[in-house]
Each structure stands twice: as structure tokens, then as C-alpha cells.
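All remarks here apply to the structure that follows.
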Amino acid sequence: MNKKFIIFFLISAFSYALQAQDVVETDSISPLQFEKREADNQLPSVSTAAKPVVRFGFLSYSEVIRLMPEYISAQEKLNRLQEKYEAELQRSDKEFNRKYAEFLEGQKEFPENILLKRQKELQELMEKSIQFRDETKELLANVRKEMTAPIMEKLNEAIRIIGLQHQFEYVLNTDNNTYPYINKSVGMDITSLVKSKLNIK
């Protein structure tokens, strides 16, 4: 035998042995196992772990807070205080209008020094009126903030407790159309729960 024939014979024998081994392994497993093995060889492994759903709550702060007895009481106090300042502003306006009318009526007859004095008085009254309006606006804003701070704390605490009970990731305030769309399959309206927690209807 020449060398080429010997090499060809060895390669053929080795190939036949591998095919026979594959047939033996295939015959030794069930059809279902064989199909599963073939599928595993063809398809990539895919994780079937589901992505966790983010859960959250939502409500309108203004809808709840305006029903709280503490807020109603604070609002009544603010209204009374505002009425007093409005009355003082109206008195100042009437005084200015009276003096301005007197100035217009007598300006042609006033000596120059009196005319200048009246003009200065009117200017001072106007500046004081503007300053008083600005101070009143700022004061009322500060009073409102001080009165509503503990009320907001109480509301936020009720929301926090409900959030913990339902294991929410967060709670949204829907005031001012901040969230025009909310998917209610993953979000929960907690308005009634918060009202119940605060003992309001």
C-alpha cells in the first residue's frame, strides 16, 4: 500500500466512528429530549425574569387641603386680616383723592410756595400708599405661609404613611395639570385614603 491510501483509510475510519457515536447518543435519549437539545443548540438563551412594575400614588393637594378643618380656620383668619388691610387701603385712597381734588380746585389761586407744598404732600401720600400696598401683600403672604406650613406637614405625613403601607415608589401631586396623563394600571388615586386618614369627607 502506498502512503496516500493509508492516510485515506485512516480518515474514513475516524469519520465513521464519529458518526456511529452520534447515532448511539441520539438513540439513547427520548424524542422530547432530542428536540429540546436541538432547540437549545439553535436558539439563544433568553432571560424570562419580568421587569418590576413601578407603583405610585397620586392625588390633588388642593382638593384635600381645602377640606381640612385647620385650613378652613386659617383661611377665615386670613380673610378677616385681609379685610382690615383693605379697609385701611381704601381710607388712604379716599384721603389722597380728597387732597388731590382740593389741589386741583385751588391750584390756580395758590401762591407758588403753597402749591409746591401741596404737590409734595400728594407725592408723599402716593408713595406711602404704594409702600403700604407692597408691605400688606408681603405680610399677608408670610402669614399665609406660616398658617399653612403645619397643615401641609400634617397632609404630607398622612401621604407618607399611606405610601409606606402600599409600598409606593413615590406620590404625585396632580394640581395645575402637572400630569395630564397617568397610567392607572401602575398608579393609584389615593385621594379617598388620605381623606379617611385625616378624618375628612
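Observations on the structure shown:
- The condition (being in a helix (DSSP H, G or I), out of contact with any Ser or Thr (no Cβ under 6 Å at 6 or more places or on another chain) and in contact (Cβ under 8 Å) with a residue 60 or more places away in the chain) is satisfied by just one residue among L155, L139: L155.
- Condition broken by S192, with the remaining ones in (1) among the small types (G, A, S); (2) over 18 Å from the mean Cα position of the chain (by Cα); (3) surrounded by 13 or more Cβ atoms within 10 Å (Cβ to Cβ) satisfied: (3)
- Taken together, the criteria place R160 among residues that are surrounded by 12 or more Cβ atoms within 10 Å (Cβ to Cβ), free of Cβ contacts under 8 Å to residues at least 12 places away in the same chain and more than 13 Å from Y61 (Cβ to Cβ).
- Check on F103, surrounded by 14 or more Cβ atoms within 10 Å (Cβ to Cβ) and not in a helix (DSSP H, G or I): no
- Taking the criterion of being surrounded by 11 or more Cβ atoms within 10 Å (Cβ to Cβ) and of a type outside the set (S, T, N, Q), the residues of the stretch 138-148 that qualify are L139, L140, V143, R144, M147.
- Test result for R144, in contact (Cβ under 8 Å) with a residue 60 or more places away in the chain and either within 26 Å of L81 (Cα to Cα) or of a type outside the set (S, T, Y) (or both): yes
- Residues considered: L122, L115. Of these, the only one that is modelled with pLDDT of 90 or more, farther than 30 Å from M147 by Cα and more than 48 Å from the chain's Cα centre (by Cα) is L122.
The values are calculated or read from the model by the stated rules, or taken from the named source; none is laboratory data. As the structure is a computational prediction, the values presented were derived from the model and not from experiment. Heads up, the Cβs are rebuilt from the backbone with ideal geometry, glycines too, and the neighbour counts pull from every protein chain shown.
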